[in-house]
Amino acid sequence: MLKQYETVFIATPVLSEQQMKEAVAKYTKLITDNGGEVVYEEDWGLRQLAYPIQHKTSGFYYLIQFKAEPTFVEILETQYFRDERIIRFLTVALDKDAVAYAEHRRENRNKATAPKAEAPKVEEPQVEEPDYDEPVTPAEANEEENA
């Protein structure tokens with residue numbers, strides 16, 4: 001019976017974007033090759049760590065939600081341990097309430113990233129600005145006032 005899991009791993013910050021994509025592809029392929037199904041992926045990007053890990057103060061965070069057999073989690077975590085690019089990871093089984101919350105969160109996230117309809121443009125009235133090209137001396141200003 002497939003259970004739903006959520007795994008978050010932190011990769012070392014010295015990886016290039018291409019190397020990070022390769023690491024993610026490795027783990028998603030590992031899940032699918034072992035009879036699992038990737039439900040959702042989310043790149044959280046480079047973030048500061050709460051405390052230094054292996055003398056590093058930041059890392060690339062990545063979340064994968066997947067369905068797999070319970071015995072697969074041990075295989076996945078063994079691969080995390082062996083990969084020198086991964087500095088921390090956490091895998092948790094989701095109960096029915098957590099699955100519902102995760103689906104709700106994904107829907108809200110998709111709504112937030114969906115392009116919104118543009119509001120109709122309101123034309124602002126054109127205001128003519130006075131011509132300040134020539135300086136006016138105080139004597140000229142008095143002449144204009146008296147005229």
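If I filter region 96-108 for residues that are among the aromatic types (Phe, Trp, Tyr) and more than 16 Å from Phe9 (Cβ to Cβ), do I get at least one hit?
Scanning region 96-108, I find at least one residue that is among the aromatic types (Phe, Trp, Tyr) and more than 16 Å from Phe9 (Cβ to Cβ), so the answer is yes.
Consider region 8-27. How many of its residues are in contact (Cβ under 8 Å) with a residue 60 or more places away in the chain and either charged (D, E, K, R) or outside any helix (DSSP H, G or I) (or both)? Outline the logic, then answer.
Our first condition is that a residue be in contact (Cβ under 8 Å) with a residue 60 or more places away in the chain; within region 8-27, this holds for 8-12, 15, 19, 23.
Keeping just the survivors that are either charged (D, E, K, R) or outside any helix (DSSP H, G or I) (or both) gives 8-12, 15.
Matching residues across region 8-27 total 6.
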So is Thr91 within 30 Å of Thr57 (Cα to Cα), at pLDDT below 85 and of a type in the set (Val, Ile, Thr) or not?
no
Any residue at all in region 69-91 that's in contact with a Lys or Arg (Cβ under 9 Å, 6 or more places away or on another chain) and within 26 Å of Thr113 (Cα to Cα)?
no
Can you give me the number of residues within region 31-76 that are over 23 Å from the mean Cα position of the chain (by Cα) and either closer than 18 Å to Leu94 by Cβ or in contact (Cβ under 8 Å) with a residue 12 or more places away in the chain (or both)?
13
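Taking the criterion of being over 23 Å from Glu42 (Cβ atoms) and at pLDDT below 70, would at least one residue in region 104-118 satisfy it?
We begin by selecting, within region 104-118, every residue over 23 Å from Glu42 (Cβ atoms); these are 117-118.
Imposing the further condition that a residue be at pLDDT below 70 reduces the set to 117-118.
Yes, region 104-118 contains at least one residue that is over 23 Å from Glu42 (Cβ atoms) and at pLDDT below 70.
The values are calculated or read from the model by the stated rules, or taken from the named source; none is laboratory data. Everything numeric here is computed off the predicted structure, so don't read it as measured data. We place every Cβ from the backbone using ideal geometry, glycine too, and count neighbours over all the protein chains shown.
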